[in-house]
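Below is one structure; the comments refer to it alone.
Where a number appears in this text, it was derived from the coordinates with a stated rule and is not lab data. Nothing here was measured: the structure is a model prediction, and the numbers come from that model. Every residue, glycine among them, receives a Cβ derived from its backbone with ideal geometry; neighbour counts consider all protein chains shown.
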Amino acid sequence: MRSLTQLLFLCCCLAGAAQGLRQNKDHHTTDDAASADESLFDLYDEDIAAPPGPKEGWPHTEPFHTTTDEQLAYNKALDAEFHMNNQELMLSWQHRANVNIGNQESKTNPHNLLQEGIRIHRTHIARPEGATTGYYTGVTHFRHVNDPNLITFLFSAGRHDGGSNTFLTIDTTEANPFSTAQETFLDEDDVSTYTWVSAYTQKDTHNGSSILHYALFSGGSNFLYVGPSKLYVFEEDSSGALRREPQVLWVEEYTQRQHARMCLLEDLGNIYDDDDSLVSMKGQPDIIITGTGGLDIYSSLDGNSWHLTRTLPLVNQVNHSNPAGTAAFMGVTPIQNRYLVISSRASWKLARENELPDAPCLVYDYQKDIVVQTFSWGGQSMSVAAIGDGSQILLGNGGEAFIIGQPNLLYQIQERTSGEDGIDLELSDVQLFKGESTLYVPLERVDPTPDSSSEYYSTPRSDITKTRQVKSFPLLDDSSSSEEIVLEVNSAETCNLYYRKNEDYVSMILPLPGSEGYISEFHGGVYARGGDVLMLGDKVFVVLANYNGNNTVYSFDSQWLRDEDVSLAEE
């Protein structure tokens, strides 16, 4: 067990090493930089048959675990250092964000905001007792039904290097519910290559007494092993507590497909085959898995067993004669109780050839088992999300620390008027930002060293990104509210929150200082891979899953994002 002094010393060493490696470099690399980073490009290329990092593996990163008292003291010290290092950035965030998106300069004195206690806090979540790695790849949560003050977060871990999935339950009645939070292994002995996590809560169960929370972890791969996806169930008792250890309900027969990239648990309703036989029952969660083998849907009729009901192969699949084609399906989101919108990406090796990807995104009618539209040809789309009132689709493009150059684009859902059944996604006239480029350009290799907050903080942009995930959250619990937050998770760039109202242009941006990650000579790169947002009253909590680092939580008052609470100067 490390002492607090040892922990703080380690933190200072890592921060110093990371700061020493950060360089003042433009997003677009020079030829010299590209040559120098050739080895790093190979190191992080997910399409080659080798794990990242040195052959002996990365050693530990930030502190793994502490006692409750040590964790609390560590986070207080970390938060104090965070404010000292980023105070000037936080004081000027509103002015810089407004200038960047074309709004008027703020007349609010940022020093008054600080005096009123409106500032960003950052907290590290302690890893499970005995943890030796932190290769986190995704995060989500579910709220307990019988005690809504309890919320359980789920973290996937693994990818190339292998890891064990974790979870933690917080009590939201506490002032900072994450200050002493420590993860627990889902199954410490299950070390695999998990890539993503999704959750689903079933309130109406067969026996009428228990609440079931399902957790799906998609399996990935390394050069020796293809890990299966797994479905777990947590049972909640009448008091709101989790009744027992989570149980495995389903294990994927991974020989039916190749390496998984992402997953989704969603009730897709009743699904029928061509012979009108019922293959999926409404009220039961369907398992959706995407990856290099396409898309698979597993459905259940009884909540006890799942069987393969739909398989969608890659469209325009990559091969020797089609090197720019689709290498994997990535993100997936359901719309209109009938369709899945699927994002796709090509091989990262295209950046070497300065080629444009040829991996279209899809609208898939899972009821009829047909693709009704291909769109966004030329994009490297890692993630997809329905935003606003569900009538818009946002694609998150980019995705890697060493790749850059494509915008995150909004599409409008349009019903077909020609009498033909189906929908079409059309590029929206209103993107996230006024004047945002909607043109895809060839991928570019860049230095994977994260841009420091002081450089990137002043110029967050949605058209030059390294985005791994986009996701929308309502700012209020009221479903009629027109306010929403769009979370943009980037690798080696600051992760951002965008505030929109009435599906208009973004009017406020809040970059999260330090979320860009860092590279250290001790353990390599630490980058965000996934994120989640939790609204608790007027507080916003952003949870980031970091590959090769501790999971972190940013918290602040929601009024930082609102136009009406942070006044803008009038001409």
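Please report, in debye to the nearest 20, how large the charge dipole of the range 369-427 is about its Cα centre when each Lys and Arg carries +1 at its beta carbon and each Asp and Glu carries -1 there. List each step's numbers first, then the result.
Numbers: 1 positive and 8 negative charges, 53 e Å.
So the magnitude is around 260 debye.
Using θ = phi - 60° and the Karplus curve 6.51 cos²θ - 1.76 cosθ + 1.60, what whole-Hz ³J(HN,Hα) does each residue of the range 157-164 get, with Gly and Pro shown as x?
Residue by residue, the range 157-164 yields 8, x, 6, 4, 7, x, x, 10 Hz.
Under a 5 Å amide H to amide H cut-off, with H placed in plane at 1.01 Å, what residues pair with Gln373 once short-range neighbours are removed?
So Gln373 has HN proximity to Val363.
Can you figure out the FRET efficiency of Thr172 with Asn354, using R₀ = 41 Å and their beta-carbon distance, to the nearest 0.05?
0.25
Name all residues of the range 387-411 having a backbone nitrogen under 19 Å from the label point set 7 Å from the Cα of Leu476 along its Cα→Cβ direction, giving them as ranges.
388-390
Mark the label point 7 Å from the Cα of Val430 along Cα→Cβ and return the residues of the range 494-538 whose backbone N is within less than 14 Å of it.
Backbone N within reach: 499-508.
Taking the Cα centre of the range 308-411 as origin, work out the dipole magnitude from +1 charges on Lys and Arg Cβ and -1 charges on Asp and Glu Cβ, in debye rounded to 20.
Dipole about the Cα centre, nearest 20: 160 debye.
Taking H placed 1.01 Å from N in the peptide plane, check which residues at least 5 places from Val384 or on another chain put their amide H under 5 Å from its amide H.
Sorted by chain and number, the residues that satisfy this are Gly331, Val332, Gly396, Val470.
Quick one: dipole size for the range 140-194, taken about the Cα centre, charges +1 on Lys/Arg Cβ and -1 on Asp/Glu Cβ, in debye to the nearest 20. Numbers along the way, then the final one.
Details: 2 positive and 9 negative charges, 54 e Å.
Dipole about the Cα centre, nearest 20: 260 debye.
Distance check, please: which entries in Lys230/Lys466; Lys349/Lys466; Lys282/Lys368 exceed 20 angstrom between their Cα atoms?
Lys230/Lys466
Hey, if you put +1 on the Cβ of every Lys and Arg and -1 on every Asp and Glu Cβ in the range 247-334, which of Ser277, Ser321, Gly293 ends up farthest toward the positive end of that dipole?
Ser321
Between Met84 and Asp187, what FRET efficiency follows from the Cβ-Cβ distance if R0 is 30 Å, with the result rounded to 0.05?
0.15
Rounded, prolate or oblate for the range 314-442? Axes are the square roots of the Cα gyration tensor eigenvalues, ordered a ≥ b ≥ c, and the cut-off for rounded is a/c under 1.5.
Oblate shape, in that a/c is at least 1.5 and b/c is the bigger or equal ratio.
Hey, quick one: spin label on Ile335, modelled 7 Å out along Cα-Cβ, who in the range 375-400 has an amide N within reach, i.e. under 14 Å?
Only 375-376, 384-396 pass the distance filter.
Check which residues have an amide H placed less than 5 Å from Asn490's amide H, if you skip close sequence neighbours.
Amide H to amide H, under 5 Å and 5 or more residues apart or across chains, Asn490 pairs with Arg468, Cys495, Asn496.
Quick one: Karplus J couplings for the range 347-352, per residue in order, coefficients 6.51, -1.76, 1.60, θ = phi - 60°, nearest Hz, x for Gly and Pro?
Calculated HN-Hα couplings, in order: 5, 5, 5, 4, 5, 5 Hz.
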